[in-house]
Structures are given as structure tokens and as C-alpha cells.
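The values are calculated or read from the model by the stated rules, or taken from the named source; none is laboratory data. Because the structure is a prediction, the values reported are computed rather than measured. Backbone-built Cβ (ideal geometry, glycine too); neighbour counts: all protein chains shown.
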Amino acid sequence: MGWTFYNSSGEAMIEDGAMSIANNTNNRVVTATGADPASLNGEANLTFDGTTLTIAGQVAFPASQSASAGANVLDDYEEGTWTPQIGDNSLDGSGESQAYDRQAGQYVKIGNWVHFEGSVRITSLGSLTTSQQARIMGLPFTSANTSFHVGVCPIRADAVAITTEASVLGLQQPNTAYIEVYEINGTSGGSGLTIAELQANGFLYVSGSYHV
């Protein structure tokens, strides 16, 4: 006995012996295009053998993340740029008449982790408060609001007024989109790198990863 598929309006869609799939071969995933009746096509670059899904191309994620709580679910991927700025306690990287001749940053977001790098040189401190701690502003995403989850990132500092024995590193606190800059001295521990120590023409290179 033959068979026929009908749509909700009672119109015949596909009849027995009338359906064909272009480019069909073993394990190809079938897609449909067009209106009634749809054209079916076996996708050469998309196959599934019952265990492994193979995609010979690109995977596109939506512009807005479709977040998932599943530990084994990749729910986002994004590449982009960000603009590093220098701020003080006011957390304002551009509104205190600062001037820059280098602001460059790139990032990749994979799931809930952001990997970034950037460089910034400030040529004028404007009205930044020189006694306050320097911060690198403008990270592309706010960090996760998780207690005691602090990100640490290396920083290379050029043309800054610190002792030769000191090194510089960055800390990112929970629920922030900036990096606190610290001066680490082997003899006296660590303290915030001040705007005065950064000084005009201070150059910072930074890279790291953080959880969002």
C-alpha cells in the first residue's frame, strides 16, 4: 500500500516513491531548503556515523550567548578587540583628560573563559590622582562574581619609576572589568603601583585569562 504525507491544510506533500535526496550517501546529514515541497540534500561536509559528528567547515555561535549550565557544553566563542586605558580610584579610563599614543588589545572568549592581551602607553596623566593606584581599564567582559576568585596576570612595565629590584603584576578582583596594577618588591612585599610611579609615557604590556 502506498503512502502520502499531508500538511496541516490537507495538501499532499510527499508521496510514496516521489521523495529523493540529492547528494545522498552513507552518514551524510540531510537538510531541507525551500518551501513546499522542500528540496532535500545530503550535506557532504556534515556527517554523523552514530558516534561522531564531523563538520568540515565553521561553527557559528549567536552574537548573544545562549548560556548553559552543562559542564560539557561549549556555549560560546568570540574573537574581538578591546581598548586598554589607565584609571585611578575613580575607575574612569578616559574622563580625566588622559592622553595615549598606544592602546591595543585583543581577546578570545571560549565558553566562560576570556583570554586577552593588550598594551597601553599614557602620554599625559591629565587629572588622575597621582597618589592613587593605577588600573588598566576596558577589559571586554566583567569577571565572574565569585568570592575569593582573583585572577593574576603578568605585566611588563617600561618607563615607570620603580626600583630595579621590583616587578609588576596585575590582579583582577571578582565582578570587575579592570586590572589592579601592583609593584612587587622582594624586600618589602607588594603595594599598588601609583599613578605617579607610572608617570607620563609609562608603558604597560599585559596578558592573561579570567573567568566570566
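Summary table below
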{"item": "Test: residue in segment 150-157 that is surrounded by fewer than 16 Cβ atoms within 10 Å (Cβ to Cβ) and either basic (Lys, Arg) or closer than 13 Å to Gly87 by Cα (or both)", "result": "yes"}
{"item": "Hits in segment 151-174 - residues which are closer than 17 Å to His115 by Cβ and either among the β-branched types (Val, Ile, Thr) or not assigned by TED's automatic domain parsing to the domain that holds Gly111 (or both)", "result": "Val152, Ile155"}
{"item": "Some residue of segment 83-98 being within 13 Å of the chain's Cα centre (by Cα) and of a type outside the set (S, T, N, Q)", "result": "no"}
{"item": "Selected residue (only one of Ser131, Ser143 is in the same structural domain as Gly118 (by TED's automatic domain parsing), touching a His at 6+ places or on another chain (Cβ under 9 Å), in contact (Cβ under 8 Å) with a residue 40 or more places away in the chain and assigned to a loop (DSSP other than H, G, I, E, B))", "result": "Ser143"}
{"item": "Residue ID - modelled with the lowest pLDDT, chosen from residues in segment 194-212 that are crowded, with 21+ Cβ neighbours inside 10 Å and within 27 Å of the chain's Cα centre (by Cα)", "result": "Gly202"}
{"item": "Those residues of segment 75-125 which are in a strand (DSSP E or B) and of a type in the set (Asp, Glu), in sequence order", "result": "Glu78, Glu79, Asp101, Glu117"}
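Matching residues to (1) over 18 Å from Ile179 (Cβ atoms); (2) surrounded by fewer than 13 Cβ atoms within 10 Å (Cβ to Cβ); (3) in contact with a strand residue (DSSP E or B) (Cβ under 7 Å, 6 or more places away or on another chain):
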{"residue": "Phe48", "(1), (2), (3)": "yes, yes, yes"}
{"residue": "Leu53", "(1), (2), (3)": "yes, yes, no"}
{"residue": "Ser66", "(1), (2), (3)": "yes, yes, no"}
{"residue": "Ala71", "(1), (2), (3)": "yes, yes, no"}
{"residue": "Asp76", "(1), (2), (3)": "yes, no, yes"}
{"residue": "Thr81", "(1), (2), (3)": "no, yes, yes"}
{"residue": "Gln98", "(1), (2), (3)": "no, no, yes"}
